[in-house]
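S.K.: Before I ask anything, here is the structure I am working with.
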Amino acid sequence: MTARHALLLDLTGRRVVVVGGGPVAARRVARLLEDGADVHVVAPALCEDLADLAAAGALTWVPRDHQPGDLAGAWLVHTATGDRRTDDAVAAEAEATRTWCVRADDAQASTAWTPAVARAGDVTVAVGAGGDPRRAAALRSALQVQLDSGALPLRRRRPHAGHVTLVGGGPGDPGLITTRGRRALAEADVVVVDRLAPRALLDELEPDVEVVEAGKAPHAHTLTQTEINALLVERARAGQHVVRLKGGDPFVLGRGGEELAACRDAGVPVTVVPGVTSAIAVPGAAGVPVTHRDVARQVTVVSAHDAETDWETLARLRGTLVLLMGVARLGEHMARLAGHGLDPTTPVAVVEDGTLPTQRTTLGTVADIAARAHEVGVRNPAVVVVGHVAALAEVLGTAGTVTAPGATARHELDPSLTPSWP
């Protein structure tokens, strides 16, 4: 087979002529427009997709059959008329004007070929498969999955402008990080990691990627927030891609907003990759939907170690209350809620190690959950769910994950005992 030279072209603002107005031409045009080309379509009629693009001014339409001279000034030509004689004529004119020509009807007669392309950020992988477009597309799809998941080596090897990516790692299970988050890790030079981030992902980093511990436990901070902010800015200014890997979502009680502001104030490019927040996902993994028809139609998420928490207001709220970082003072929190009028029989679920193999759920009520949690040795990280939905863990929870000494709040599932709204 004739050797073919692979080459990527910058078509931004450059004239490209497409001869043909059918669906095949439309696919070619869509790709050319994505790449910034100045597209001119020569065809007596247009399919619906091309007609819409022409009406929107995205391309120039010459409403007739091809004529000699149509390729003048073109950097590239695509011909896809479905008529062999016309395509031959277009290809002959392209050859005479020394213009590369892609033929949809005959790959072997082309002087240029459009590969199947996989993209991830600024990485472009073009796949050619000996004139077999379906084979190329299948290979492209497999590569795209690998690129999106960060399974391929994506780190830059040449000096580049530094930037920061704030990545939400999800509730614990490494498989619950987003594909975009995994790709950011694959591109990282430095990873600044929290204690509750999915740390198993660190084992997949290349050996020379620096990992900086920034974990925060109650009364035990490896780095202060001010130090973390300064570190992100310093490393990015040094030309490194810095990934700030956090548990859950960086903007749900994760101080991601402060880190974003610090980068913006310093003029450092920064990207946010949202994550699955543990406030919603951990109860869900335990069979506790934080909202449920006829039971709860709103949810409130609270940082339970904040001394300024307004327990009086929280006790009056309908729906579901989710407490993060609330295990250490669980008894105190429940007493305050009850003291401000919350029914002591309201169901409560405490979910430890949510989404991990060690996940465990302890059930009780506002009146007795602290004693039950103490009895079974509940520890952080844990999410506390207060509200009638907590009782659903008995019905919807995974077998073997619920610890509920003594009687449970199953009776709360009785619709007559649950809040109702008009």
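S.K.: Regarding the range 25-40, can at least one residue be identified that is in contact with a His (Cβ under 9 Å, 6 or more places away or on another chain), farther than 21 Å from Val117 by Cβ and of a type in the set (A, V, I, L, M, F, W, C)?
M.R.: Checked against the condition, which is being in contact with a His (Cβ under 9 Å, 6 or more places away or on another chain), farther than 21 Å from Val117 by Cβ and of a type in the set (A, V, I, L, M, F, W, C), the range 25-40 yields no hits at all.
S.K.: Now for a separate question. Suppose we filter the range 218-245 for residues that are modelled with pLDDT of 90 or more, in a loop (DSSP other than H, G, I, E, B) and aliphatic (A, V, I, L, M); how many remain?
M.R.: Residues flagged as modelled with pLDDT of 90 or more, in a loop (DSSP other than H, G, I, E, B) and aliphatic (A, V, I, L, M) within the range 218-245 amount to 1.
Quick grid of which residues meet (1) modelled with pLDDT under 95; (2) of a type in the set (A, V, I, L, M):
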position	(1), (2)
Gly275	no, no
Ala304	yes, yes
Glu308	yes, no
Leu314	yes, yes
Val322	no, yes
Ala328	yes, yes
Val350	no, yes
Val378	yes, yes
Pro381	yes, no
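Yes/no matrix, rows are residues, columns are (1) of a type in the set (A, V, I, L, M, F, W, C); (2) closer than 23 Å to Glu227 by Cα; (3) touching a Cys at 6+ places or on another chain (Cβ under 7 Å); (4) surrounded by 17 or more Cβ atoms within 10 Å (Cβ to Cβ):
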{"position": "Arg140", "(1), (2), (3), (4)": "no, no, no, yes"}
{"position": "Leu154", "(1), (2), (3), (4)": "yes, no, no, yes"}
{"position": "Arg158", "(1), (2), (3), (4)": "no, no, no, no"}
{"position": "Gly162", "(1), (2), (3), (4)": "no, yes, no, yes"}
{"position": "Gly170", "(1), (2), (3), (4)": "no, no, no, yes"}
{"position": "Asp173", "(1), (2), (3), (4)": "no, no, no, yes"}
{"position": "Glu206", "(1), (2), (3), (4)": "no, no, no, no"}
{"position": "Val209", "(1), (2), (3), (4)": "yes, yes, no, yes"}
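S.K.: Residues that are assigned by TED's automatic domain parsing to the domain that holds Asp249, buried (at least 17 other Cβ atoms within 10 Å of the Cβ) and either free of Cβ contacts under 8 Å to residues at least 12 places away in the same chain or touching a Pro at 6+ places or on another chain (Cβ under 7 Å) (or both): does the range 176-184 have at least one?
M.R.: Taking every residue of the range 176-184 in turn, at least one turns out to be assigned by TED's automatic domain parsing to the domain that holds Asp249, buried (at least 17 other Cβ atoms within 10 Å of the Cβ) and either free of Cβ contacts under 8 Å to residues at least 12 places away in the same chain or touching a Pro at 6+ places or on another chain (Cβ under 7 Å) (or both).
S.K.: Any chance you could count how many residues in the range 56-74 are within 37 Å of the chain's Cα centre (by Cα) and either outside any strand (DSSP E or B) or in contact (Cβ under 8 Å) with a residue 40 or more places away in the chain (or both)?
M.R.: The qualifying residues number 4.
S.K.: When you check Asp52 against the structure, is it in a helix (DSSP H, G or I) and out of contact with any strand residue (DSSP E or B) (no Cβ under 6 Å at 6 or more places or on another chain), yes or no?
M.R.: So Asp52 fits the description; yes.
S.K.: Being touching a residue at least 60 places away in the same chain (Cβ under 8 Å) and surrounded by 14 or more Cβ atoms within 10 Å (Cβ to Cβ) narrows it down to one of Gly128, Gly121, so name that one.
M.R.: Being touching a residue at least 60 places away in the same chain (Cβ under 8 Å) and surrounded by 14 or more Cβ atoms within 10 Å (Cβ to Cβ) holds for just one of Gly128, Gly121, which is Gly128.
S.K.: Any idea which residue in the range 185-217 is farthest from Ala279 (Cα to Cα), counting only those that are assigned to a strand (DSSP E or B) and among the acidic types (Asp, Glu)?
M.R.: Glu210
S.K.: Something else: Could you give every pair whose Cβ atoms fall below 7 Å, whose first residue belongs to the range 338-366 and is in the same structural domain as Glu312 (by TED's automatic domain parsing), and whose second residue is part of a loop (DSSP other than H, G, I, E, B) and charged (D, E, K, R), counting only separations of at least 6 or pairs across chains?
M.R.: Close Cβ pairs satisfying both conditions: Glu352/Arg379; Thr355/Asp173; Leu356/Asp173; Gln359/Asp353; Arg360/Asp353.
S.K.: Okay, next question. Considering only residues of the range 300-324 that are touching a residue at least 60 places away in the same chain (Cβ under 8 Å) and within 22 Å of Pro381 (Cα to Cα), which is surrounded by the fewest Cβ atoms within 10 Å (Cβ to Cβ)?
M.R.: His305
S.K.: Against the definition (modelled with pLDDT of 90 or more, over 21 Å from Leu176 (Cβ atoms), in contact with a helix residue (DSSP H, G or I) (Cβ under 7 Å, 6 or more places away or on another chain) and in the same structural domain as Val299 (by TED's automatic domain parsing)), how does Leu413 come out, yes or no?
M.R.: no
S.K.: To continue, here is another question. With in the same structural domain as Leu205 (by TED's automatic domain parsing), in contact (Cβ under 8 Å) with a residue 24 or more places away in the chain and loosely packed, with under 15 Cβ neighbours inside 10 Å as the only criterion, which of Ala238, Ala261 stands out?
M.R.: After applying the criteria, what remains is Ala238.
S.K.: Can you find a residue in the range 166-184 that is over 15 Å from Gly215 (Cα atoms), assigned to a helix (DSSP H, G or I) and of a type in the set (Asp, Glu)?
M.R.: no
The values are calculated or read from the model by the stated rules, or taken from the named source; none is laboratory data. Source: prediction; values computed, not measured. With ideal geometry, Cβ positions are generated from the backbone for all residues, glycine too; neighbour counts draw on all protein chains shown.
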